[in-house]
Every structure is written in C-alpha cells, then in structure tokens.
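To keep things clear, I will list the structure first and then write my remarks on it.
The values are calculated or read from the model by the stated rules, or taken from the named source; none is laboratory data. These numbers come from a predicted model, not from an experiment. Neighbour counts are summed over all protein chains in view; Cβ atoms, including those assigned to glycine, are modelled from backbone coordinates with ideal geometry.
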Amino acid sequence: MTDYMVEGLVKKRAEIAGEIERLHVTLGQLAKDLEHIDATLHILAPEMAVEAIKSKVFRPPADWSKRGEMTRVVLSILRTARAPMTTREIAERMVVERGLQATTAALNAMTRRVACALRRQRELGHARSTEGEAGFWQLWEIAR
C-alpha cells in the first residue's frame with residue numbers, strides 16, 4: 001500500500017512543480033507587459049504617477065459554473081421533467097438548486113446562460129425545442 005501512496009505523491013508533486021514553472025513563465029511575461037505599458041504611459045503622460053494606479057482584481061460572480069457543469073445540470077433538469085419546459089423555468093430551477101438569491105438580475109443572467117447551453121445541445125442533437133403558447137416561448141425537451 002505504501003508503494004502506491006508514494007507513487008501517487010510523486011506524481012502529484014511533479015504536476016504541481018510543472019504548474020509552478022508554467023505560472024512563473026506567465027508571471028514573467030505579465031511583468032514585461034506591465035513594464036511596456038508603464039513606459040508607454042510615461043511617454044504619453046510624463047506627469048502621471050503610474051505607481052498610484054490601483055490593481056484590479058478579477059472576482060468571478062457566485063453564479064459562475066465550471067466548464068460543462070451548466071450543460072450537465074440543464075440536461076439533468078430536462079431528463080427529470082414530466083413535460084417540456086421553458087428556458088425561464090429551467091433557469092428558475094437552476095437558481096433554486098444552486099441556492100442563489102432569485103433576484104430579477106440573477107434570473108435574467110441564468111436564463112441567458114441556460115438558453116446558450118440549450119442552443120448548443122440542440123445543435124448537437126441532445127435537446128429539441130418547440131414553440132409554446134402563441135409562439136412566445138420555446139419549450140425544451142430531451143431529444144429521444
């Protein structure tokens with residue numbers, strides 16, 4: 001048992017070391033890019049204090065999902081549905097399942113993301129849509 005554990009730890013250490021090397025290369029390139037931008041700003045606006053510019057940190061929204069997760073959940077919802085569902089109904093279920101606040105903005109954003117995932121699945125032949133009430137809504141279901 002110890003041999004497997006050591007082998008696994010060696011493999012994991014090699015992966016982490018490789019990731020650190022890759023990030024060092026990326027960091028070096030970003031530092032060079034920043035130096036070039038600072039030099040350009042110094043030429044165009046010599047009176048500007050470049051060091052005073054605050055860095056902007058990227059924080060993904062809480063409703064983001066990992067790659068492929070959105071599609072898996074949408075298809076799962078459609079599989080368990082008893083009847084075809086609208087994009088908005090699927091989005092409402094997604095918001096509830098993820099424990100997000102059901103604000104109008106969150107529902108609208110989730111509806112757009114669900115619609116995008118569904119259109120892609122329709123292209124791949126995994127889902128199909130039909131017109132709903134008076135042509136206003138599209139109803140979605142799993143393609144069988």
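A few points about this structure:
- Considering only residues in segment 117-138 that are in contact with a helix residue (DSSP H, G or I) (Cβ under 9 Å, 6 or more places away or on another chain) and part of a strand (DSSP E or B), the one that is modelled with the lowest pLDDT turns out to be 138.
- Screening residue 46 with (1) in a helix (DSSP H, G or I); (2) farther than 27 Å from residue 138 by Cβ gives one miss only, at (1).
- Listed by first and then second residue, the pairs with beta-carbon distance under 8 Å, at least 6 apart or on different chains, first residue in segment 96-111 and modelled with pLDDT under 85, second surrounded by fewer than 11 Cβ atoms within 10 Å (Cβ to Cβ), are 100/62; 102/96.
- Inside segment 71-86, residues that are touching a strand residue (DSSP E or B) at 6+ places or on another chain (Cβ under 9 Å) and more than 14 Å from residue 129 (Cβ to Cβ) make up a count of 2.
- Selection within segment 82-111 - farther than 17 Å from residue 141 by Cα and assigned to a helix (DSSP H, G or I): 95, 96, 97, 98, 104, 105, 106, 107, 108, 109, 110
- Per this entry, residue 54 is not counted among residues that are assigned to a helix (DSSP H, G or I) and at pLDDT below 95.
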